[in-house]
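**Student:** Take a look at this one; I'll ask things after.
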Amino acid sequence: MKKLIQADFQERRDILAGEMGLRSIAIIATSPVAMRNRDADYKFRSDSSFFYLTGFAEPEAVAVIETFDTEEEGYSYSLFCRERDREMEIWNGYRAGVDGAVDDYDADEAYAIDLLDDEILEKLQNKDKLFYRIGQQADFDARVAKWISTASGESRKGASVPAQVIQLDRIIDELRLHKSADELELMQIASDISAEAHTRAMQMVKPGMMEYALEAELNYVFGKNGCVPSYNSIVGGGANGCILHYVENDKELKDGDLVLIDAACEYQLYASDITRTFPVNGKFSPEQKALYEVILKAQIAAIDAVRVGNSYKEPHHVAVRIMVQGLLDLGLMQGNLEKIIQKESFRQFYMHGTGHWLGMDVHDVGSYKVEGDWRTYEEGMVVTVEPGLYIAPDDETVDTKWRGIGIRIEDDVAVTKNGPRVLTAAVVKSVEDIETLMAQSK
Ligand code: GLY
Ligand code: MN
Ligand code: MN
């Protein structure tokens, strides 16, 4: 299956170095290893922006990119990483080491990570600008501040040190927001595997099953494809579907209830993000079906609004209008459509936005506004479209028959010059298609 190659990462570094200008240095660290409990750590997952520039997936690594006095000198890419260590490799696995950093990861120079404090002071000399991801890791921020103050002390001896510290994320985030054809291919793979997982969940669910057992069916599909979840899976039966970030997944799935699954995997560090809501027993009740069809209509119309030149907010406005009309038609709300939209009183049932950027992070980087205005869609952006309605189980303003129904439908949409491309189309979402698929698997 598709993988990025070193030339892809180099191309990204080329662009970054070009944007930095002359006499500049960029410092970018990967994520720290996170401890789970006592000496057991979480499986390491690289920082997305670090990996975006390096393709290097080991922990304890820092990349440095330097430009010099003239364009002819090009730029230099240094990778600080763990040294080879026979004993550590027996216990914890293979390391590329400094030779591997040069030979396999195309670093111009590589150093043991332990040398970072010394070497960086050298590299800061004779630079005008420091590009750094301010605010990502407090410990590393403190280290960078110390390097700057130490280097400034040295400057009394004649060398110059950066006079400007610039937020590196502003450049990288904008690059990451626009996906290349290769990146879209990786996101399509993540979406296809995630769609297969949702299809399996629809086929395997039955009344009496535990939510975690259904989650295991998703994890089976992710795992057998070499993937991990791109965020904590939500598997909420009945009213648990109304809890937006429900992750306990420890209750029984009941006959007559819906189950809301918001779960997807990442492939080669590119995420998918899918939600489907379907009946535990395979057949929607009249109320479930009525509400579901309102949301589906809103979602399909909102997807159609993901077009080059449209405002980022357009899908939200489209979805809200259709859902409010649906709530009025079903008698769940009373009043005037325009007033409800203007006052946002629909937030009783729809309290989140309709989407977010998607990429290497599930809530991906990239600004949503430019100079105070919502930005417009451009080719290569990927956004989720995820309207939902959540009728709280204790909501006394509505008839009891509606209470405790929570529904969200979420797909991932790439902006193309030919219109919206739904990456997650492989998993069914119409009432008829869901019921047919579930009936076939009984
Ligand atoms: N799964 C997270 C979200 O939909 O935003
Ligand atoms: Mn989402
Ligand atoms: Mn989601």
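**Student:** Convert each backbone phi in the range 43-52 into a coupling constant with the Karplus relation 6.51 cos²θ - 1.76 cosθ + 1.60 (shift: θ = phi - 60°), then list the ³J(HN,Hα) values in order as whole Hz, x for Gly and Pro.
**Tutor:** For the range 43-52, the Karplus-derived couplings read 4, 5, 9, 4, 5, 4, 6, 4, 5, 4 Hz, x marking Gly and Pro.
**Student:** Now a separate question. Restricting attention to the alpha-carbon atoms of the range 100-196, what are Rg (one decimal) and Dmax (integer), both in Å?
**Tutor:** Rg, Dmax (Cα atoms, Å): 18.5, 63.
**Student:** Quick one: dipole size for the chain, taken about the Cα centre, charges +1 on Lys/Arg Cβ and -1 on Asp/Glu Cβ, in debye to the nearest 20. Write down the numbers at each step before the final one.
**Tutor:** Numbers: 48 positive and 76 negative charges, 285 e Å.
Value, rounded to 20: 1360 debye.
**Student:** Report the full-extension gain for the segment Glu154 to Gln440: residue separation times 0.36 nm, less the Cα-Cα distance, to one decimal in nm.
**Tutor:** Going from the current span to full extension adds 95.6 nm.
**Student:** Just to confirm my understanding: which cysteines in the chain have no other cysteine beta carbon less than 4.7 Å from their beta carbon?
**Tutor:** Within the chain, the cysteines lacking a partner Cβ under 4.7 Å are Cys81, Cys242.
**Student:** Show that you can apply the helix-only estimate: for the chain, add -39,500 (n - 2.57) for every DSSP H stretch of four or more residues, divide by all residues, and state [θ] at 222 nm to the nearest 500.
**Tutor:** -11500 deg cm²/dmol
**Student:** Provide the per residue accessible area, probe 1.4 Å, for the chain, rounded to a whole number of square angstrom.
**Tutor:** Value for the chain: 46 Å² per residue.
**Student:** Moving to a separate point now. Over the Cα atoms of the chain, how large are the radius of gyration and the largest Cα-Cα distance (Dmax), in Å?
**Tutor:** Gyration radius and largest Cα-Cα distance of the chain: 25.0, 80 Å.
**Student:** Right, next: Count charges around Asp114 for me, please; just the other residues with Cβ under 11 Å from its Cβ, Lys/Arg as +1, Asp/Glu as -1. Don't skip to the end; give the middle numbers.
**Tutor:** Working: positive: Arg82; negative: Glu60, Glu83, Asp117, Asp118, Glu119.
Around Asp114, the charge tally is -4.
**Student:** Which FRET efficiency value, to the nearest 0.05, is calculated for Asp433 and Met210 with the Förster distance at 25 angstrom and r the Cβ-Cβ distance?
**Tutor:** Rounded to the nearest 0.05, the efficiency is 0.45.
**Student:** Within 10 Å, count the other beta carbons around each residue, average over each peptide in 218-231, 180-193, and list them highest first. Numbers along the way, then the final one.
**Tutor:** Working: 218-231: 17.6, 180-193: 19.9.
Most protected by this proxy first, the peptides run 180-193, 218-231.
**Student:** Hey, got a sec? Which chymotrypsin sites (Phe, Trp or Tyr not before Pro) in the range 32-61 land in a DSSP loop and have at most 16 other Cβ atoms within 10 Å?
**Tutor:** Values: sites: Tyr42, Phe44, Phe50, Phe51, Tyr52, Phe56; in loops: Tyr42, Phe44, Phe56.
Here the chymotrypsin sites (Phe, Trp or Tyr not before Pro) that fit, given the DSSP loop and packing criteria, are Tyr42, Phe44.
**Student:** Hey, another quick one. According to the square roots a ≥ b ≥ c of the eigenvalues of the Cα gyration tensor, what is the shape class of the range 52-106, taking rounded for a/c under 1.5, prolate for a/b larger than b/c otherwise, and oblate for the remainder?
**Tutor:** Details: a/c = 3.25, a/b = 2.82, b/c = 1.15.
It comes out prolate by the Cα gyration axes.
**Student:** In addition: Which order, highest average first, do 261-268, 377-384, 161-168 follow once you tally other Cβ atoms within 10 Å for each residue and take the mean per peptide? Intermediate results must be reported in sequence, preceding the final value.
**Tutor:** Details: 261-268: 26.6, 377-384: 20.5, 161-168: 16.0.
Result, highest mean Cβ count within 10 Å first: 261-268, 377-384, 161-168.
**Student:** Quick one: net charge around Arg200, please, counting Lys, Arg +1 and Asp, Glu -1 for every other residue with C-beta under 12 Å from its C-beta. The partial results should precede the final answer.
**Tutor:** On the way: positive: Lys224, Arg276; negative: Glu196, Glu215, Glu217.
Result for the local shell: -1.
**Student:** If we sort 121-130, 402-411 on the protection proxy, mean other Cβ atoms within 10 Å, highest first, what's the order?
**Tutor:** 402-411, 121-130
**Student:** Also, I was wondering about something else. Of the residues Ala57, Ala142, Ala26, which exhibits the maximal mean-square fluctuation in a Gaussian network model of the chain defined by a 10 Å Cα contact cut-off?
**Tutor:** Largest GNM mean-square fluctuation: Ala142.
**Student:** Just to confirm a number: summing +1 for Lys and Arg and -1 for Asp and Glu over residues other than Thr424 whose beta-carbon lies under 10 angstrom from that of Thr424, what do you get?
**Tutor:** Numbers: positive: Arg276, Lys429; negative: Asp192, Asp273, Glu410, Asp411, Asp412.
Result for the neighbourhood of Thr424: -3.
**Student:** OK, next. What is the spin-label model distance, in nm, from Arg38 to Leu115 if the labels are put 7 Å beyond Cα along the C-beta direction?
**Tutor:** Modelled inter-label distance: 3.8 nm.
**Student:** Relative to the present Cα-Cα distance, how much length would full extension add between Lys289 and Glu174 at 0.36 nm per residue of separation?
**Tutor:** Extra length available between Lys289 and Glu174 comes to 37.3 nm.
**Student:** Right, next: Report in % the part of the accessible area of the chain that belongs to carbon and sulfur, leaving out ligands and nucleic acids; probe 1.4 Å.
**Tutor:** 48
**Student:** In the chain, which whole DSSP H runs stretch at least 24 Å along their own axis (Cα) and average -1.0 or higher on the Kyte-Doolittle scale? Can you show the working numbers first?
**Tutor:** Numbers: long enough: 138-155 (26 Å, -0.26); 181-204 (34 Å, -0.13); 286-304 (27 Å, 0.23).
Both cut-offs are met by 138-155, 181-204, 286-304.
**Student:** At 0.36 nm per residue, minus the direct Cα-Cα distance, what do Ile15 and Val370 gain on full extension? Give it in nm, one decimal, please. Please report the intermediate quantities before stating the final value.
**Tutor:** On the way: separation 355, 0.36 × 355 = 127.80 nm, distance 2.14 nm.
Roughly 125.7 nm would be gained on extension.
**Student:** Determine, from the Cβ-Cβ distance of Glu344 and Thr400 and an R0 of 22 Å, the FRET efficiency 1/(1 + (r/R0)^6), rounded to the nearest 0.05.
**Tutor:** Values: r = 26 Å, r/R0 = 1.16.
Computed FRET efficiency for Glu344 and Thr400 comes out at 0.30.
The values are calculated or read from the model by the stated rules, or taken from the named source; none is laboratory data. Remember, it's a predicted structure, so these values are computed and weren't measured experimentally. Every residue, glycine as well, gets a Cβ built from its backbone with ideal geometry; the counts of neighbours run over all protein chains shown. With ligands, DNA and RNA removed, areas are computed over all heavy atoms of the protein, side chains included. Shrake-Rupley method; radii C 1.70, N 1.55, O 1.52, S 1.80 Å.
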